[in-house]
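Enquirer: Sharing a structure, written as structure tokens. Questions coming.
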Amino acid sequence: MQPIESFEAPAPPKVNYINAQYGLKSWLLTKDHKRIALLYLVSITFFFFIGGLYALMIRLELLTPQGDFLQSTTYNKVFTQHGIIMIFFFLIPSIPATLGNFLIPMMIGAKDLAFPRINLLSWYIYMLGGVITIYALLAGGVDTGWTFYTPYSSTYSNSYVVATGLGIFINGFSSILTGLNFIVTIHTMRAPGMKWFRMPLFLWSHYATSLIMILGTPVIAITILLLAFERVAKVGIFNPALGGDPVLFQHLFWFYSHPAVYIMVLPSMGVISELIANFSRKNIFGYSFVAFSSIAIAVFGFLVWGHHLFVTPQSVYAGMIFSFLSFAVAIPSAIKVFNWTATLYKSSISYDTPMLYALGFIGLFTVGGMTGLFLASLAVDVHLSDTYFVVAHFHYIMVGGALMGYLGGLHYWWPKISGRMYPEGWGRFSALVIFVGFNLTFLPQFVAGYLGMPRRYHAYPPEFQVFNVLSTAGASILGFGMLIPAIYFVWSMRYGRHAEANPWHLPGLEWRTPSPPPTENFYETPIVTWDAYEFAPREEVEVVGKFRE
Amino acid sequence: MTTHATTQDAHGHPALQHHFENMEQQREAGTLGMWVFLVTEIMFFGGMFLAYTLYRNQYPAAFASASNHLDITLGAVNTAVLIVSSFTMALAVYFTQTGKLRPQVLCLGLTLVLGLTFLGIKAVEYHDKYEDHLIPGRLIPWNPFNPGVQEEGQPVDHHKLHLLSGKTVKHPIDATVKNVEMFYWIYFAMTGMHALHMIIGAGLLMYLLIFSLRGRFDPEYHSPVEVIGLYWHFVDIVWIFLFPLLYLLGRHYLHG
Amino acid sequence: MSEHIVPVRIYFAIFAALLVGTALTVVAAFFDFPWRLNTVVALTIATVKATLVVLYFMHVRYSTRLVLVIIASALFWMAILFALTLSDYFTRGWLSTQTG
């Protein structure tokens with residue numbers, strides 16, 4: 001195969017993975033990783049809307065300082081459930097289960113993941129966990145905060161802790177099986193010539209994510225089981241009145257939940273690497289540094305969980321260690337940001353929708369990351385803990401970071417997934433609306449938090465109202481902005497322009513097969529002789545920035 | 001016994017799945033997959049071992065007292081049972097690799113029987129705890145945790161923990177040692193989770209037995225036997241650590 | 001097949017060693033060693049037994065380096081969980097203003 005421009009894509013086939021078989025059973029019993037990715041896409045979008053509805057209720061309540069929209073107990077349930085749905089049922093699976101499932105076999109030149117039936121099983125497990133959690137929410141909800149701190153959650157709360165915990169526990173297996181599948185696939189199923197350091201960085205970051213999934217998720221699994229055990233049997237595992245230690249729960253909980261945030265952001269970083277390199281038509285700056293940084297983030301991410309326990313009876317000496325390590329974990333992330341920026345330098349950038357999301361990511365993730373450093377400083381954290389500063393920090397990473405990467409990747413690979421192009425004008429417009437709405441929502445929260453507004457309160461002193469009004473206004477714009485892609489993606493499946501195999505004219509292996517691909521991905525096993533981001537010398541490219549036609 | 005003859009057709013071994021290039025790749029992926037899964041199991045049990053470490057450090061006397069009242073004979077027998085079952089499992093893999101069907105089936109059957117023996121002995125132990133009111137908390141609502149009272153007329157002696165056999169009052173716990181319940185929830189959580197894994201293992205062994213009898217496995221394709229063997233050995237290893245940590249604390253106080 | 005077939009006599013030897021180890025650990029439990037040596041002895045014997053199972057019954061002795069890396073990583077991660085959590089519990093008493 002020749003690299004880049006001179007490559008002739010095969011003609012679009014009549015039979016692709018979407019129309020290869022018809023009928024509900026062929027989708028619900030599929031072993032094709034691409035179909036499973038679409039099953040996930042539909043489910044996580046559903047859960048995202050539910051989580052979004054809870055967000056809407058939060059922002060409506062916080063428009064006024066009085067707690068006049070919801071009762072405090074109801075409000076506790078609303079923010080708890082917003083967190084649980086968004087974290088466990090949207091963010092953690094989002095990129096790996098949709099884009100990862102779809103692209104990993106294609107990017108390594110394989111016909112499928114190593115264990116296709118386990119892949120399907122992991123979707124069913126995800127759905128089972130989701131159904132149980134939704135049942136718990138409808139039956140009465142849970143009000144402990146998504147962090148389930150004991151002994152409130154284990155002894156004193158009268159809400160559906162065990163049922164919700166069961167749903168999350170089951171969902172964890174979905175995560176574990178996905179990570180297991182990815183690791184084995186990347187180790188054993190790379191096409192001839194696809195060496196580790198020829199792999200796109202998307203694969204490196206998913207490999208690192210999978211490491212976290214398999215090493216961390218089991219710990220939250222046992223933690224939830226112990227919590228349920230304490231609640232049902234009324235023993236003193238984490239209850240101090242019966243001899244237990246509530247801080248032990250927090251240690252066990254955060255041992256997973258901190259690395260979990262890297263599960264949420266690493267895949268997004270992988271997408272950003274793809275977008276930055278490909279939409280500036282330049283090889284990524286410092287490929288191996290970015291690759292190793294992904295692994296470093298996964299490893300270091302496990303060493304910092306105690307920074308969530310700074311204001312507990314955790315020893316201050318342990319706190320100092322965790323604080324130092326939390327600074328260290330910022331380094332590989334910063335390396336990535338530097339490398340992306342250096343990639344952009346003197347490149348030929350095209351401002352298509354995916355690139356807009358990527359550029360947004362770099363700025364917003366940097367803000368989120370730097371505010372994380374404030375929180376990592378022991379003394380400052382005492383002031384900022386449990387305020388809206390923390391809320392703003394993690395939303396900058398989760399929404400400004402992870403969600404931007406997800407949306408950018410969805411746009412970028414949409415032609416490959418669906419065989420259609422989304423409308424570019426609407427794409428750019430909604431990206432800008434989302435960017436503006438997002439910042440208007442969360443920037444005021446930094447200020448409010450610094451000035452002392454506590455989180456998880458449904459009523460607050462009136463001096464914070466101006467920030468909350470701005471925030472709710474921003475949330476409305478953000479919500480509107482996110483509805484637009486939901487509409488035009490669906491629209492494009494019927495009316496969008498047909499996409500050729502390589503609509504962006506890029507060297508990646510996934511672009512060397514038709515859009516949408518056949519079920520077996522490639523008509524014959526590719527032999528890879530080129531590096532991940534090998535572009536033609538710029539002199540040979542005819543028009544800079546307008547290569548879409 | 002004849003070895004299973006493989007029929008080679010244009011697509012290779014009949015057990016070759018469509019997305020793999022050859023049997024070697026499939027076998028490698030299967031083995032690697034099981035090892036990655038065992039990593040998750042190590043971290044899963046690791047959380048409970050951490051809780052054990054912390055609470056044993058915090059309540060050494062309670063742990064020693066309660067551990068002393070576990071039946072060391074049953075525990076040691078169970079340990080031996082699992083070790084033999086690991087041996088028979090390893091032999092089962094060997095006989096599959098060398099294509100000897102009857103010994104293969106025999107060893108798989110022995111492994112299963114030994115596993116069920118382990119579970120049976122565990123059931124006996126759990127029943128004893130039920131009789132002695134040592135199920136933690138209100139897990140059994142009509143039989144709450146109640147370490148029992150000190151026998152009448154007997155002085156409390158922290159250094160000589162008496163083990164009584166007999167049907168009525170089996171093993172009275174020294175009730176002045178606080179937080180004995182902490183030991184028992186850990187005991188039930190860890191051995192219960194271990195027993196659950198044994199049950200799953202028994203199910204997997206039954207699957208292996210059935211398919212072995214159908215001649216599914218041969219020297220070219222026996223990956224399921226191998227990877228289920230890995231799982232079985234892992235469950236054995238967990239017990240190898242559980243036994244001394246749960247059963248052998250404070251035994252030396254008897255002769256102190 | 002690149003698989004290595006372990007001879008039965010090795011399995012026998014390991015099996016015998018495991019039973020001996022079990023007997024040893026039971027006997028050792030009845031001796032009163034100073035300090036925390038009881039625990040050290042028990043865990044050492046258990047570790048040796050586990051290592052034998054891993055190396056021979058689970059064929060790690062004859063497997064690729066990748067499998068070793070995987071096992072080492074799992075143990076390392078458990079060590080992280082233990083070390084950093086215990087770093088909290090063991091240093092709580094150091095600061096005189098902190099209680100318990």
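The values are calculated or read from the model by the stated rules, or taken from the named source; none is laboratory data. Computed from a predicted structure; not experimentally measured. Counting neighbours? That spans all protein chains shown, and the Cβs are built from the backbone with ideal geometry, glycine included. All accessible areas refer to the heavy atoms of the entire protein, side chains included, with ligands and DNA or RNA removed. Shrake-Rupley method; radii C 1.70, N 1.55, O 1.52, S 1.80 Å.
Enquirer: Would you pick out the residues in the range B:179-212 that are β-branched (V, I, T), closer than 14 Å to B:L119 by Cβ and either open to solvent by 30 Å² or more (accessible area, probe 1.4 Å) or not in a helix (DSSP H, G or I) (or both)? It would help to see each step written out before you state the result.
Expert: Narrowing the range B:179-212 to residues β-branched (V, I, T): B:180, B:186, B:191, B:199-200, B:210.
Then drop every residue that is not closer than 14 Å to B:L119 by Cβ, which leaves B:191, B:199-200.
Once the filter is applied, which keeps residues that are β-branched (V, I, T), closer than 14 Å to B:L119 by Cβ and either open to solvent by 30 Å² or more (accessible area, probe 1.4 Å) or not in a helix (DSSP H, G or I) (or both), the range B:179-212 yields B:I199, B:I200.
Enquirer: Name every residue in the range B:93-112 that is within 11 Å of chain C (Cβ to nearest Cβ) and in a helix (DSSP H, G or I), in order of residue number.
Expert: Within the range B:93-112, B:V93, B:Y94, B:F95, B:T96, B:Q97, B:P103, B:C107 qualify.
Enquirer: Would the range A:333-344 turn up any residue that is under 24 Å from A:L451 (Cα atoms), among the hydroxyl-bearing types (S, T, Y) and modelled with pLDDT of 95 or more?
Expert: Scanning the range A:333-344, I find no residue that is under 24 Å from A:L451 (Cα atoms), among the hydroxyl-bearing types (S, T, Y) and modelled with pLDDT of 95 or more, so the answer is no.
Enquirer: Kindly indicate which of A:I237, A:I220 is within 14 Å of chain B (Cβ to nearest Cβ) and modelled with pLDDT of 95 or more. First the steps, then the outcome.
Expert: Working: A:I237 fails: modelled with pLDDT of 95 or more.
Just one listed residue meets the conditions, A:I220.
Enquirer: Within the range A:182-198, identify whether any single residue is open to solvent by 30 Å² or more (accessible area, probe 1.4 Å), out of contact with any Pro (no Cβ under 9 Å at 6 or more places or on another chain), at the interface with chain B (Cβ under 10 Å from one of its Cβ atoms) and under 24 Å from A:I85 (Cα atoms), and answer yes or no.
Expert: no
Enquirer: In the range A:199-211, what count of residues is obtained for those that are open to solvent by less than 10 Å² (accessible area, probe 1.4 Å) and more than 11 Å from chain B (Cβ to nearest Cβ)?
Expert: Kept after step one, since they are open to solvent by less than 10 Å² (accessible area, probe 1.4 Å), are these residues of the range A:199-211: A:199, A:201-203, A:205-206, A:208-210.
Subset that is more than 11 Å from chain B (Cβ to nearest Cβ): A:199, A:201-203, A:205-206, A:208-209.
Looking only at that region, the number is 8.
Enquirer: Would you check which residues across the range A:459-500 are among the hydroxyl-bearing types (S, T, Y) and under 28 Å from the mean Cα position of the chain (by Cα) and list them?
Expert: A:S471, A:T472, A:S476, A:Y488, A:S492
Enquirer: Need pairs with beta-carbon distance below 6 Å; first residue over 22 Å from A:V382 (Cβ atoms) and within the range A:452-470, second of a type outside the set (G, A, S) and exposed (fewer than 14 other Cβ atoms within 10 Å of the Cβ); sequence gap 6+ or separate chains.
Expert: Matching pairs, first to second residue: A:A459/A:Q66.
Enquirer: Going through the range B:50-92 one residue at a time, which ones are in a loop (DSSP other than H, G, I, E, B) and of a type in the set (A, V, I, L, M)?
Expert: Within the range B:50-92, the first condition is being in a loop (DSSP other than H, G, I, E, B), and the residues that meet it are B:59, B:69-71.
Result: B:L70, single match.
Enquirer: Go over the candidates A:F289, A:F229 one by one and state the one that is more than 14 Å from chain B (Cβ to nearest Cβ) and more than 25 Å from A:S323 (Cβ to Cβ).
Expert: Only one candidate passes the filter, namely A:F289.
Enquirer: So how many residues does the range A:284-315 have that are among the aliphatic types (A, V, I, L, M) and surrounded by fewer than 17 Cβ atoms within 10 Å (Cβ to Cβ)?
Expert: Pass one, the range A:284-315, residues among the aliphatic types (A, V, I, L, M): A:284, A:290-291, A:295-299, A:303-304, A:309, A:311.
The next check asks that each one be surrounded by fewer than 17 Cβ atoms within 10 Å (Cβ to Cβ); those that pass are A:295, A:311.
Residues in the range A:284-315 being among the aliphatic types (A, V, I, L, M) and surrounded by fewer than 17 Cβ atoms within 10 Å (Cβ to Cβ): 2 in total.
Enquirer: Quick check: anything in the range C:33-56 under 18 Å from B:F234 (Cβ atoms), within 7 Å of another protein chain (Cβ to nearest Cβ), among the aromatic types (F, W, Y) and not in a loop (DSSP other than H, G, I, E, B)?
Expert: Looking for residues that are under 18 Å from B:F234 (Cβ atoms), within 7 Å of another protein chain (Cβ to nearest Cβ), among the aromatic types (F, W, Y) and not in a loop (DSSP other than H, G, I, E, B), one finds none in the range C:33-56, hence no.
Enquirer: Hey, can you tell me all the residues within the range C:33-44 that are in contact with a Pro (Cβ under 8 Å, 6 or more places away or on another chain) and crowded, with 21+ Cβ neighbours inside 10 Å?
Expert: Correct list: C:A42 only.
A quick yes/no check of all residues on (1) under 30 Å from B:P136 (Cα atoms); (2) touching a helix residue (DSSP H, G or I) at 6+ places or on another chain (Cβ under 7 Å); (3) open to solvent by 10 Å² or more (accessible area, probe 1.4 Å):
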{"position": "A:V232", "(1), (2), (3)": "yes, yes, yes"}
{"position": "A:P240", "(1), (2), (3)": "yes, yes, yes"}
{"position": "A:P246", "(1), (2), (3)": "yes, yes, yes"}
{"position": "A:V265", "(1), (2), (3)": "no, yes, no"}
{"position": "A:I276", "(1), (2), (3)": "no, yes, no"}
{"position": "A:K282", "(1), (2), (3)": "no, yes, yes"}
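Enquirer: Inside the range B:11-27, can you point out the residues that are crowded, with 21+ Cβ neighbours inside 10 Å and either within 7 Å of another protein chain (Cβ to nearest Cβ) or in a helix (DSSP H, G or I) (or both)?
Expert: B:H19, B:Q26, B:R27
Enquirer: Could you list, in sequence order, the residues of the range A:256-294 that are under 17 Å from the mean Cα position of the chain (by Cα) and more than 26 Å from A:T353 (Cα to Cα)?
Expert: A:Y256, A:S257, A:H258, A:P259, A:A260 - these are the residues of the range A:256-294 that are under 17 Å from the mean Cα position of the chain (by Cα) and more than 26 Å from A:T353 (Cα to Cα).
Enquirer: Out of the range C:44-60, which residues are without any contact (Cβ under 8 Å) to a residue 12 or more places away in the chain and in contact with a helix residue (DSSP H, G or I) (Cβ under 7 Å, 6 or more places away or on another chain)?
Expert: Selection gives C:A50, C:L55, C:M58, C:V60.
Enquirer: Sticking with this one: Whether any residue in the range A:373-386 is in contact (Cβ under 8 Å) with a residue 40 or more places away in the chain, outside any helix (DSSP H, G or I), touching a strand residue (DSSP E or B) at 6+ places or on another chain (Cβ under 9 Å) and surrounded by fewer than 21 Cβ atoms within 10 Å (Cβ to Cβ) is what I want to check.
Expert: Taking every residue of the range A:373-386 in turn, at least one turns out to be in contact (Cβ under 8 Å) with a residue 40 or more places away in the chain, outside any helix (DSSP H, G or I), touching a strand residue (DSSP E or B) at 6+ places or on another chain (Cβ under 9 Å) and surrounded by fewer than 21 Cβ atoms within 10 Å (Cβ to Cβ).
Enquirer: Follow-up. Going residue by residue through the range C:74-87, is there one that turns out to be touching a residue at least 40 places away in the same chain (Cβ under 8 Å), facing chain B (nearest Cβ under 9 Å), in contact with a Phe, Trp or Tyr (Cβ under 7 Å, 6 or more places away or on another chain) and not in a loop (DSSP other than H, G, I, E, B)?
Expert: Keep residues of the range C:74-87 that are touching a residue at least 40 places away in the same chain (Cβ under 8 Å), which gives none.
No, that holds for no residue.
Enquirer: Follow-up. Within the range C:7-32, count every residue that is surrounded by 19 or more Cβ atoms within 10 Å (Cβ to Cβ) and facing chain B (nearest Cβ under 7 Å).
Expert: Result for the range C:7-32: 7.
Enquirer: Suppose we keep only residues that are in contact with a helix residue (DSSP H, G or I) (Cβ under 6 Å, 6 or more places away or on another chain) and part of a loop (DSSP other than H, G, I, E, B) within the range A:416-452. Which one would you say is farthest from A:I18 (Cα to Cα)?
Expert: A:P423
Enquirer: Of all residues in the range A:59-73, which are open to solvent by 50 Å² or more (accessible area, probe 1.4 Å) and at pLDDT below 95?
Expert: A:Q66, A:D68, A:F69, A:Q71, A:S72, A:T73, listed by residue number.
Enquirer: Which members of the range C:33-89 meet the condition of being aromatic (F, W, Y) and at pLDDT 95 or above?
Expert: Answer for the range C:33-89, where residues must be aromatic (F, W, Y) and at pLDDT 95 or above: C:Y56, C:F57, C:F76, C:W77, C:F82.
Enquirer: I've got another one for you. Quick check, is A:W414 crowded, with 24+ Cβ neighbours inside 10 Å and touching a residue at least 60 places away in the same chain (Cβ under 8 Å)?
Expert: yes
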